[in-house]
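Report on the structure given below.
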Protein chains: 2
Amino acid sequence: MKLYGYWRSGTSYRTRLGLALKGIEVEHIPVDLTTGAQKSPEYMADNPQGLVPTLVLDDGTAIAQSGAILEYLDEKFPARPLLPAGVKARAHVRQICQIVGCDIHPLNNLRILKHLKNEFDQPQSGVDDWAGRWIAEGFDAFEALLGADQGRGAFSFGGRPGMAECYLIPQIYSARRFNVDVARWPLILGVEEATLALPEVAAALPENQADAKPS
Amino acid sequence: MKLYGYWRSGTSYRTRLGLALKGIEVEHIPVDLTTGAQKSPEYMADNPQGLVPTLVLDDGTAIAQSGAILEYLDEKFPARPLLPAGVKARAHVRQICQIVGCDIHPLNNLRILKHLKNEFDQPQSGVDDWAGRWIAEGFDAFEALLGADQGRGAFSFGGRPGMAECYLIPQIYSARRFNVDVARWPLILGVEEATLALPEVAAALPENQADAKPS
C-alpha cells in the first residue's frame, strides 16, 4: 500500500500514527502542499478533493479521508485494534475522535487559514485567535471526557493507545504551532506523554518523515 | 433512547435520517439553539461540547457526535444497514460521508458563522461566499466520485440509501439556505430526489419536527 501525505499535515500524521500503532508498513509518498502538488490532475484522479492523505491499495483502489482510512485499516487488519470491543465503548472513542476530526482540525487547515488571510484580510493575530478558539473549545470537552472516565489508565480509553490517540496527538502538535498554551489541559498532556513514549510511534512523527524541513 | 437535537441543525437532521432509514424510533427532545439551551449545565453534563445532537441510551449513556451515533446505531441494530458489506465498500462510503462531515459542514455551522460576523466583521455576502466556497469544493469532489461509480444506481452507493444519504441530504438543504446554486451538481440532486421520495424519510425532515418554526 502507498500513503500519499505531507509531513506536517495533521491528517497525514493521524494516519501514520494508526499505521504505526497497528504495526503496518506502507510506502510513503510525499505530496508537497507548499507547491500545490495536491491539486495536480494525477493526484486528483485518486483524490478529487485535492487534499492529503490518500491510501492507495495494492489493487489501485484509492481511499481518502483519514477517518475512513483508519476504519479501513482496523477492519482489514484486525490485529492490534484501534477501536475497542463493545459497541458503547466504540461509540465513545469515535465521539472523542470526532471532537478533533470534525470540530477542531477542519477549521484550522491550510486552505482555511489562507481564506482568513486573503479574503478576510486577517492579521496573524486574528488567525491565531481563530485557531486557538476552536482548539480550546474542543480540548475543553476532550479534557472533560477524559476526567469523567475513571478507568481509562494512561491513554484516552481502555488502558491502551488507539484511534483517539491518532486524532489527539497531531492536534496537540498543531496547537503548539498556533502558540496555544496547552498547559491548561493536563489530562490531554498526560495522554500525549504516554503515547510519545511508545517506541513504535517514532516512525509517525512529522520530523522523522523524508519530506520534513527544518522548522 | 432519546435524541436531543434541533430541527434545522444539519447534524441533527443527519442523525434523524439514519434512524428513519433503519426504522428505529426514539424520543425526540428539542434543544433550542437560538436561546443557548445547548450550553446549559444540564445539557453539557451529557455533551460537554454544548452541541447537538446527543443520543442518550436507556441506561443513561450519552453519545455525541453524529458520526459516532450513526456508527453506533449500525453496530447495535444491524438490520437495514447504513454501511455496505465489504471493507473496501465501507471505506468508500465513509470517505464520501467525511467529505461532508469533515470538510463542509463544520465550516458552516452556527458558532462559525457568528465568529465571522462578530470577530471578523463580515457582511452577509462574505459569510455566503465562505459557506458557498466549502460547499462547492466538497460537492465538486462528491459529484466526481458519484460520476466515477457506474454501479451505484439511484443512490450514492450500492443501489440503496444509507450513510452517505444521511450526510448528503442535509448538506443540500443547508446549501440552499446559503443561496448556493445547486444545479451544477446533477448527480447529487438525483440522489436527493431518490432519497426524498422514500416515505420513511418524512419523519426526519426539518419541517416535520415538533420544534420547527415557519421560515
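Bear in mind that the values in this text are calculations on the coordinates, not laboratory data. Computed from a predicted structure; not experimentally measured. Note: ideal-geometry Cβ built from the backbone for every residue, glycine included; neighbour counts use all protein chains shown.
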* Would you kindly work out, in nm and rounded to one decimal, the distances from the label point of A:Ala89 to those of the same position in each other copy, ordered shortest first, with label points 7 Å along Cα-to-Cβ? => 2.9
* What is the Cα convex hull volume of segment B:87-200 when expressed per residue in Å³? -> 102 Å³
* How much of the DSSP beta bridge set in chain B is antiparallel, as a percent to the nearest 5? -> 60 percent
* To do: Arrange the peptides A:9-21, B:60-72, A:141-153 so that the one whose residues have, on average, the most other Cβ atoms within 10 Å appears first.
  => A:9-21, B:60-72, A:141-153
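Against the globular-protein guess of 2.2 N^0.38 Å, express the Cα radius of gyration of segment A:1-142 as a ratio, rounded to two decimals.
1.14
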* Rg (Å, one decimal) plus Dmax (Å, integer) for the alpha carbons of the protein assembly as shown? -> 20.3, 58
* Where both residues lie in segment B:2-80, what percent of DSSP beta bridges are antiparallel, nearest 5? -> 60 percent
* Asked: Distance in nm between label sites at B:Asp149 and B:Ser40, each 7 Å beyond Cα in the beta-carbon direction?
  -> 4.0 nm
* Can you list, shortest first in nanometers, how far A:Pro41 lies from the same residue in the other copies, with each label 7 Å from Cα toward Cβ? -> 6.2
* Structure fact -> log10 I(q)/I(0) for segment B:2-80, Debye formula on C-alpha points only (no solvent), q = 0.20, 0.23 Å⁻¹, two decimals, reads -0.82, -1.07
* Give the cross-link partners of B:Lys2 among the lysines, using a straight C-alpha distance below 24 Å as the criterion and excluding same-chain residues fewer than 8 apart. => A:Lys88, B:Lys22, B:Lys39, B:Lys76, B:Lys213
* Distance in nm between pseudo-label sites at A:Asp181 and B:Ala89 (7 Å out along the Cβ direction from Cα) -> 5.3 nm
* Structure fact -> Which of B:Leu116, B:Leu168, B:Leu83 fluctuates most in a GNM of chain B (C-alpha springs under 10 Å)? That residue is B:Leu116
* **R0 of 30 Å, Cβ-Cβ distance A:Leu110-B:Lys213: FRET efficiency to nearest 0.05** => 0.20
* Asked: Say R0 is 22 Å: what FRET efficiency, to the nearest 0.05, do A:Ala79 and A:Ala202 get from their beta-carbon distance?
  -> 0.65
* Taking Cα pairs under 8 Å and at least six residues apart, what relative contact order does chain A come out at, in percent? -> 26 percent
